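Only the coordinates and a few stated rules stand behind these numbers; no lab work does. Given the structure is predicted, the values throughout are model-derived calculations rather than measurements. Here Cβ is always computed from backbone atoms with ideal geometry, including for glycine, and neighbour counts include all displayed protein chains.
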Amino acid sequence: MGPITIEAHRLTKRFGTRMAAEDLSFTARQGEVMGLLGPNGAGKTTTIRLLTTVLKPTSGQFAVAGIGPNRPNEIRRRVGVLPESAGYPQHQTGRDFLRYHARLFGLPRSDAERVAERLLVDVGLSDRATSQISTYSRGMRQRLGIARALVNDPLVVLLDEPTLGLDPAGQRQVLGILRDIAQRRGATVVLSTHTLPEVEQVCTSVLILDKGRVVISGSVAEVTRVVASQMSGSLRVPIELIGKARRALAGVPGLSVEVLDERADLLRISLTAAAHQDHSNSGMNAALGAVLGADIPVLSFEVDGVRLADAFLAITRKDVT
Ligand SMILES: Nc1ncnc2c1ncn2[C@@H]1O[C@H](COP(=O)(O)OP(=O)(O)OP(=O)(O)O)[C@@H](O)[C@H]1O
Ligand SMILES: [Mg+2]
């Protein structure tokens with residue numbers, strides 16, 4: 001992975017008394033595809049708007065390509081954005097739209113034409129280059145918006161729900177384009193989404209937000225592993241020690257423990273929702289430690305495999321049981 005392109009340190013945005021983003025700290029690197037996840041109102045759009053200098057932070061620092069927010073124009077020259085609700089001039093053709101934006105960025109006419117043609121190919125719109133945007137489907141408009149975000153050959157591309165409203169084939173197409181942006185152009189791609197399978201397909205790292213705060217971040221493998229080690233598992237002990245094991249586990253905060261009827265030597269252990277939000281909680285390891293600490297031999301210990309989708313639901317679910 002290449003050098004760091006985005007750095008945020010305790011980045012915070014408050015609207016009145018509402019914390020839209022609070023103490024966000026993360027980094028992203030060249031060639032990386034970072035998924036920004038979280039339920040409605042988590043702060044995804046706010047984060048993208050902060051990084052693209054549309055919003056001013058209330059406090060905290062960030063840099064894009066090493067440039068701080070006191071030089072917003074220089075940041076804007078290096079980023080490409082697909083905003084949450086992008087509008088398009090209906091009576092322009094796709095080609096004219098891209099040429100116009102390339103010119104706006106400062107490219108000479110011939111370069112702007114070349115860039116527009118290449119982008120139309122890259123996003124699969126060359127056969128509709130001369131159609132008016134008003135005749136484009138939603139998927140086509142979305143791809144045109146992605147092409148527009150690339151006219152300045154940005155180092156960092158930020159897309160707010162690029163696959164919203166697309167059918168599965170359309171989603172796959174857009175995700176393929178995004179992967180290419182990271183791999184072929186070497187850009188950093190940040191995309192916000194609610195759709196977990198697509199994160200597993202293209203993202204190299206994730207930043208999961210809830211109520212404006214980072215819940216967990218890291219590579220997809222790391223995040224999945226951390227959550228897997230913390231969610232639930234089965235512990236088998238000698239059947240005569242099952243009661244003693246339950247008492248030992250009762251002393252571990254944040255666990256719920258049950259004995260399965262048909263397997264009286266098997267304890268099912270899961271972390272409560274509240275424990276998921278406590279980063280200091282060592283989860284399943286603490287359970288294992290408590291049982292071993294009570295001198296109970298552990299016959300087997302298996303942690304349930306989880307997909308990122310399960311992890312996401314477990315982390316952000318609202319009930320605190
Ligand atoms: N301009 C604004 N003025 C006041 N509050 C705002 C403003 N923009 C965002 N917020 C609030 O900040 C919080 C985060 O909003 P944001 O749009 O960043 O969430 P999101 O994760 O993008 O959600 P969604 O998935 O619905 O797009 C919400 O509580 C929202 O109401
Ligand atoms: Mg949003």
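Tabulated values for the structure
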{"read-out": "Leading residue at positive end of dipole, the chain (Cβ point charges), from Ile48, Leu288, Asn70", "value": "Asn70"}
{"read-out": "Size-normalised alpha-carbon gyration radius of the range 140-225, reference 2.2 N^0.38 Å", "value": "1.10"}
{"read-out": "Val298 versus His9: modelled label distance in nm, points set 7 Å from Cα along the beta carbon direction", "value": "3.9 nm"}
{"read-out": "Amide H within-cut-off set for Tyr136, under 5 Å, with H built and near neighbours excluded", "value": "none"}
{"read-out": "Rough spin-label spacing in nm, given labels placed 7 Å along Cα→Cβ, for Glu74 and Gln183", "value": "3.4 nm"}
{"read-out": "Lysine pair count for the chain [Cα-Cα under 24 Å; pairs on different chains or 8 or more apart]", "value": "9"}
{"read-out": "Computed magnitude of the charge dipole of the chain (debye, nearest 20; Cβ of K, R +1, Cβ of D, E -1)", "value": "1320 debye"}
{"read-out": "Kirkwood hydrodynamic radius of the chain, Cα pairs, Å", "value": "21.8 Å"}
{"read-out": "Segment Lys211-His194, length gained on full extension (0.36 nm per residue, minus Cα span)", "value": "4.7 nm"}
{"read-out": "Calculated Rg and Dmax of the range 121-269 using C-alpha coordinates, Å", "value": "23.5, 78"}
{"read-out": "For Phe62, distant residues with modelled amide H under 5 Å away", "value": "His9"}
{"read-out": "Estimated FRET transfer efficiency when R0 is 35 angstrom, pair Ser234-Arg18 (beta carbons, to 0.05)", "value": "0.25"}
{"read-out": "For the range 199-209, Karplus couplings with θ = phi - 60° (6.51, -1.76, 1.60), whole Hz, Gly/Pro x", "value": "5, 5, 6, 10, 7, 9, 9, 9, 10, 9, 10"}
{"read-out": "Dipole axis of the range 116-161 (+1 Lys, Arg; -1 Asp, Glu on Cβ), positive-most option in Ser126, Ile146, Val157", "value": "Ser126"}
{"read-out": "GNM result for the chain, Cα springs below 10 Å: residue of Val190, Val174, Val54 fluctuating most strongly", "value": "Val54"}
{"read-out": "Label-to-label distance, nm, for residues given as Gln61 and Asp127 (7 Å Cα→Cβ offset)", "value": "5.2 nm"}
{"read-out": "Distance between the range 153-226 and the range 54-123 - C-alpha centres, whole angstrom", "value": "19 Å"}
{"read-out": "MRE, 222 nm, helices only [DSSP H, n ≥ 4, -39500 (n - 2.57), over the chain, to nearest 500]", "value": "-11000 deg cm²/dmol"}
{"read-out": "Backbone HN-Hα couplings from phi across the range 63-78 [Karplus 6.51/-1.76/1.60, Hz, Gly and Pro as x]", "value": "9, 10, 6, x, 9, x, x, 6, 10, x, 5, 6, 5, 4, 5, 9"}
